[in-house]
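Working notes, structure below.
The values are calculated or read from the model by the stated rules, or taken from the named source; none is laboratory data. As the structure is a computational prediction, the values presented were derived from the model and not from experiment. Cβ coordinates were reconstructed from backbone atoms using ideal geometry, including for glycine residues, and neighbour counts include every protein chain displayed. Keep in mind that these areas ignore ligands, DNA and RNA; they rest on the heavy atoms of the full protein, side chains included. Shrake-Rupley method; radii C 1.70, N 1.55, O 1.52, S 1.80 Å.
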Amino acid sequence: MPETGSVELEARDLAGVEEVLVRACGLSLTSGLGAALRSAVLDAAGALGLGAPELLSRLRQADPAAIEALVEHSVVGETYFYRHPEQFAALQRHLFVQPGPIRAWCAGCATGEEPYSLAMALLEGGREEVGDRVLATDVSERALERARRGAYDPWSLRRLPAELLGRYLGAEGEVRLVAPRVRQMVSFARHNLVTDPPPGGPFDLVLCRNVLIYFAPVVAAEVLYRLLSTVRPGGFLALGPVELSLADPLAVEQVTAFGATLLRRA
């Protein structure tokens, strides 16, 4: 395999790469994350058995395999079970009391911790027999493969309360496996938030947390409008706390409970 780690990537090279990445999936990794973009280029080159200069050349030619490899090695996979638990408590108060089945879309689900956490929260709300379903999507097929396996190490489970760990994940060696009653509530599909049409709807809930912060601002605004368009009137959009200001132009009502803010479509 060609040696890629010793190649110095110029700032102008990274600028060109960012343009490709933004067009392909909206990600912008140069602002404060130049090292992440450089690492993604080197990893993508290594995965294809190329040197970094050849990968850059293929990216400039819009080679699909090169672009896909870049996207796969650029997505930010930092996540864990029961992130922002206060939002689940707020959903319990304002949405989980709904009598009929809840249809939810978890957009940018990464390796699956987020949608499985949502399914667990629904079960904790006493909704096991209601027929709730969670559609989980991500642009990375590698991440989706891990999500479908449903096997997690202690790092992914570091914030999960012990009682929930015991109820919903079984032990197998050094990993924990998501219980069948949780898995059957969640389906996974590849979806690009920037280039693909919404995967169905309307949804009672769209959960897209800590995804838009990695997008170029103009792209984030466009994706946000698209996400809201899939929410039924009166349904909810849940963003990461640091992303709430992005929703200021939207026709939504801010609903606050337990220190969390949800966005309800007008």
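Based on Cα contacts under 8 Å between residues 6+ apart, the stretch 135-266 shows a relative contact order of 21 percent.
Working note: Karplus 6.51/-1.76/1.60 with θ = phi - 60° gives the stretch 255-261 the couplings 10, 10, 7, 6, x, 10, 10 Hz, where Gly and Pro are set to x. With a 1.4 Å probe rolled over the protein heavy atoms of all chains, the accessible area of 67, 102, 213 falls in the order 213, 67, 102, largest first. Here the stretch 160-266 is treated with +1 on each Lys and Arg Cβ and -1 on each Asp and Glu Cβ, and its dipole about the Cα centre works out to around 280 debye.
Taking the dipole about the Cα centre of the chain, with the C-beta of Lys and Arg at +1 and of Asp and Glu at -1, give me whichever of 168, 37, 82 is farthest to the positive side. Checked the options; the winner is 168.
Considering only beta bridges that DSSP places wholly inside the chain, some 45 percent are antiparallel. Pairs of Cα atoms nearer than 8 Å and 6+ residues apart set the relative contact order; for the stretch 151-203 it is 29 percent.
Just the number, please: carbon plus sulfur as a percent of the accessible area of the chain, 1.4 Å probe, no ligands or DNA/RNA counted. Can you show the working numbers first?
Working: 6350 of 12050 Å².
So the carbon and sulfur contribution to the accessible surface is 53 percent.
Protein heavy-atom accessible surface, 1.4 Å probe, per residue over the stretch 74-142: 34 Å².
Place a +1 charge on the Cβ of each Lys and Arg in the chain and a -1 charge on the Cβ of each Asp and Glu, then give the dipole magnitude about the Cα centre in debye, rounded to the nearest 20. Write out the running numbers ahead of the final one.
Details: 26 positive and 32 negative charges, 175 e Å.
Dipole about the Cα centre, nearest 20: 840 debye.
Once you reduce the stretch 196-225 and the stretch 121-157 to the center of their Cα atoms, the two points are 18 Å from each other.
Evaluating 6.51 cos²θ - 1.76 cosθ + 1.60 at θ = phi - 60° for every residue in the stretch 94-105, the Karplus couplings come out as 9, 10, 5, 7, 4, x, x, x, 9, 9, 10, 10 Hz, glycine and proline recorded as x. A cut-off of 5 Å between modelled amide H atoms, ignoring neighbours fewer than 5 places along the same chain, links residue 82 with 117. Computed from the C-beta positions of residue 155 and residue 242 and an R0 of 25 Å, the FRET efficiency is 0.70 to the nearest 0.05.
Under the rule that an exposed site lies in a DSSP loop and has at most 16 other Cβ atoms within 10 Å, name the longest stretch of the chain with no GluC sites (Glu not before Pro) of that kind, not counting the sites themselves. Walk me through the numbers before you get to the answer.
Details: sites that count: 3, 8, 10, 78, 128, 129, 174.
Between exposed loop sites, the widest span is 175-266.
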